[in-house]
Amino acid sequence: MSEKLVVVTGASSGFGAEIARQLSALGHPLLLIARRAERLEALNLPKTVCRTVDVSDRHSFERAIREAEMLFGDTDCLINNAGVMLLGDIEKQNPSEWEQMFSVNVLALMHGMQIVLDNMKHRRSGTIINVSSLAGRKTFEHHAAYSGSKFAVHGISETVRWEVAPYNIRVITVSPGAAETELLGHTADANIKQEYLDWKEQIGGVISASDVAKSVVFAYQLPQDVCVREIVIAPTRQQN
């Protein structure tokens, strides 16, 4: 088997599902992780293990990865795509939403990196791709907690990239701007959601999940000794 194992979290919809489809078409065996097993199975991809895992549970996360590695060999690429976006104003937002975002967007990402890095360092090869957000590079109204979690992703990614570069391991951050995903639907404040939808219409629409997936696949397919440290991808008409 020439192509190597790729692990994709948050693979049941949006960026994750598109990344899975495109990598599968290139022949990669996959471990797909999400909360909704039926959505993973519906992708119907060959050489694929689908597992329902809460990525904030490190032990379940690691168990799924080790199971897939028994079938397909070592993890060559981990794509930390699982994420939660719950927009709100800091003085009114339920603190449980902050905790959920930091648990999934930050702590789970760190769990995944820790699970695969030792083996990658031993092999002196491997790639970690962390899907962040344009909100991890600049702030937006109603994004305080979400933006904070994504700024953390950028800081973590760049620090770990520095630490593992001597081992020939790549750490890549992909930062989408306005894109078509299910993330907005989880925001509780109806007014904030409507403002966001109105803004999307004003800029003439957003990029697709397929567009973002293509950028992820592009960065991964480059030679191992070439690291695109960050990709920022957004609609051309998005000014901020």
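The values are calculated or read from the model by the stated rules, or taken from the named source; none is laboratory data. Not measured: the values here are computed from a predicted model. Here the Cβ is made from the backbone with ideal geometry for all residues, glycine too, and neighbour counts use every protein chain on show.
Here are the numbers for the structure shown:
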| read-out | value |
| --- | --- |
| The range 125-134, residues that are surrounded by 20 or more Cβ atoms within 10 Å (Cβ to Cβ) and either on the phi > 0 side of the Ramachandran plot or of a type outside the set (A, V, I, L, M) (or both) | GLY126, THR127, ASN130, SER132, SER133 |
| Qualifying residue in the range 36-43 (condition: in contact with a helix residue (DSSP H, G or I) (Cβ under 8 Å, 6 or more places away or on another chain) and surrounded by 22 or more Cβ atoms within 10 Å (Cβ to Cβ)) | no |
| One residue from ILE79, ILE33 being assigned to a strand (DSSP E or B), closer than 21 Å to SER175 by Cβ and aliphatic (A, V, I, L, M) | ILE79 |
| Hits in the range 140-162 (condition: surrounded by 20 or more Cβ atoms within 10 Å (Cβ to Cβ) and β-branched (Val, Ile, Thr)) | VAL153 |
| Residues (part of a loop (DSSP other than H, G, I, E, B) and either at pLDDT 95 or above or surrounded by 13 or more Cβ atoms within 10 Å (Cβ to Cβ) (or both)) located in the range 224-240 | GLN224, ASP225, VAL226, CYS227, VAL228, ARG229, ALA234, PRO235, GLN238 |
| Criterion: under 16 Å from the mean Cα position of the chain (by Cα), touching a residue at least 40 places away in the same chain (Cβ under 8 Å) and buried (at least 23 other Cβ atoms within 10 Å of the Cβ) - qualifying residue of ARG170, ARG137 | ARG170 |
| Set SER60, SER24: member being among the small types (Gly, Ala, Ser), assigned to a helix (DSSP H, G or I) and within 22 Å of ALA213 (Cα to Cα) | SER24 |
| Residue in the range 89-141 that is modelled with the lowest pLDDT, counting only those that are among the acidic types (Asp, Glu) and in a loop (DSSP other than H, G, I, E, B) | GLU141 |
